[in-house]
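First up is the structure itself, then whatever we jot down about it.
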Amino acid sequence: MLEIKNLKASINNKTILKGLSLSIKPGELHAIMGPNGSGKSTLANVLSGKDGYKISGELNFKGENLKDVPVEKRAQKGIFLAFQYPLEIPGVNTNNFLKTSLNSLRKSKGEKELDSLAFLKLVKEKSSELGIDEKILSRQLNVGFSGGEKKKNEILQMKILDPNLSILDETDSGLDIDALKIIAKGVNSSRNSKKSFLVITHYQRLLDYIKPDFVHVLSDGKIVKTGCGELAEELEKTGYKKLN
C-alpha cells in the first residue's frame, strides 16, 4: 500500500525528516509515536501532499511515485488526512461540503454522482454508526464546533469518502473519553483487509481502543524503534528520553 524509503523532508531550510523508512501493507494499522518536534506532523503533511516541503527519497503509494502528485490527486487516489487542528470554514455548509467532496471523488473514478436523497441516506447511516448528532451537519463547517465535534466530523468524512489509506494526525488530541471512543469506533469499523491506517499520536490511551499491528517511535526525523502494542505501553511508563 505505502512504501517509504530514506525519506528526507525540509521546509524553510530546516530538515525535519532525516531518512525515514516505513512500509504499510493493505489491512495494516500502524501507529507513530514520538516527542514534540520529532517530525510526526511533517510526515502526515508530506504524505498528503502539502505544499512547501522539499523532499527526497522514495514515496510510493500502490506502486506509484507520489512525489509530484498534488493534494487533490492524492485524495482521488485514496489518501485521506484527518487534521490535528481541523479548519473552520465560514459560509460552507457541512452537508454540502461532504456531498461535494464525495461526488468529486466519485467523478474522478468515473462513478455516478449521488443525488441529494441518496447522499442524505448515506450520511444519516454513517452519522448513526458514529453516534453523531445530525444537527451539526446543517451548520457551517467546523464553525463553533467543540474540539470533539471537529474530530468526530473528520472521522465522519473518512467514513463517507472510504479511502484506501487514512492518516490520523493526533486526532485524539484534547478529546474526552466519550469522544475518544467514538473516534476509535469509526476507525475500527472501517478496518478490513484492503484498507490501511497510519495513526499519529502522543499517547498510548488511543491505542487502548485502536489496536495497532505495529507501533513505531519517531525521533529526530527517523524511526528509531518498532514493536507492537506493548511498545506503546512501555513508552507510557518510561517516556522517550531513553530512546535518545
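For every residue, the table says whether it meets (1) at pLDDT 90 or above; (2) under 16 Å from the mean Cα position of the chain (by Cα).
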| site | (1), (2) |
| --- | --- |
| 123 | yes, no |
| 126 | yes, no |
| 148 | no, yes |
| 159 | yes, yes |
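Could you list all residues from the stretch 161-176 that are modelled with pLDDT of 85 or more and farther than 15 Å from residue 84 by Cβ?
Going residue by residue through the stretch 161-176, those that are modelled with pLDDT of 85 or more are 161-169.
161, 162, 163, 164, 165, listed by residue number.
How many residues does the stretch 103-145 contain that are surrounded by 14 or more Cβ atoms within 10 Å (Cβ to Cβ) and charged (D, E, K, R)? Number of matching residues: 5.
In the stretch 62-98, what residues are of a type in the set (Phe, Trp, Tyr) and farther than 21 Å from residue 108 by Cα? Residues satisfying the conditions are 83, 85.
Answer yes or no as to whether residue 23 is surrounded by fewer than 18 Cβ atoms within 10 Å (Cβ to Cβ) and touching a residue at least 12 places away in the same chain (Cβ under 8 Å). Spelling it out, residue 23 is indeed surrounded by fewer than 18 Cβ atoms within 10 Å (Cβ to Cβ) and touching a residue at least 12 places away in the same chain (Cβ under 8 Å).
Pairing residues of the stretch 107-127 that are over 16 Å from residue 94 (Cα atoms) with residues that are assigned to a loop (DSSP other than H, G, I, E, B), at Cβ distances under 9 Å and at least 6 apart in sequence or on separate chains, gives 107/113; 108/77. How about the stretch 194-230: which of its residues are of a type outside the set (Val, Ile, Thr) and more than 27 Å from residue 158 (Cα to Cα)? Selection gives 219, 220, 221, 222, 225, 230.
Please find, within the stretch 192-244, the residue that is nearest to residue 48 (Cα to Cα) out of those that are of a type in the set (Ser, Thr, Tyr) and part of a loop (DSSP other than H, G, I, E, B).
Going through the qualifying residues, I end up with 201.
Check whether at least one residue in the stretch 172-181 is in contact with a Leu (Cβ under 7 Å, 6 or more places away or on another chain), within 24 Å of residue 196 (Cα to Cα) and in a helix (DSSP H, G or I), and report yes or no.
Here is the first cut: in the stretch 172-181, the ones in contact with a Leu (Cβ under 7 Å, 6 or more places away or on another chain) are 172, 180.
The next check asks that each one be within 24 Å of residue 196 (Cα to Cα); those that pass are 172, 180.
In the following step, the residues that additionally are in a helix (DSSP H, G or I) were identified as 180.
Yes.
The values are calculated or read from the model by the stated rules, or taken from the named source; none is laboratory data. Owing to the predicted nature of the structure, the values given are computational and were not obtained by experimental measurement. Don't worry about glycine lacking a Cβ; one is built from the backbone with ideal geometry, like all the others, and counts go over all protein chains shown.
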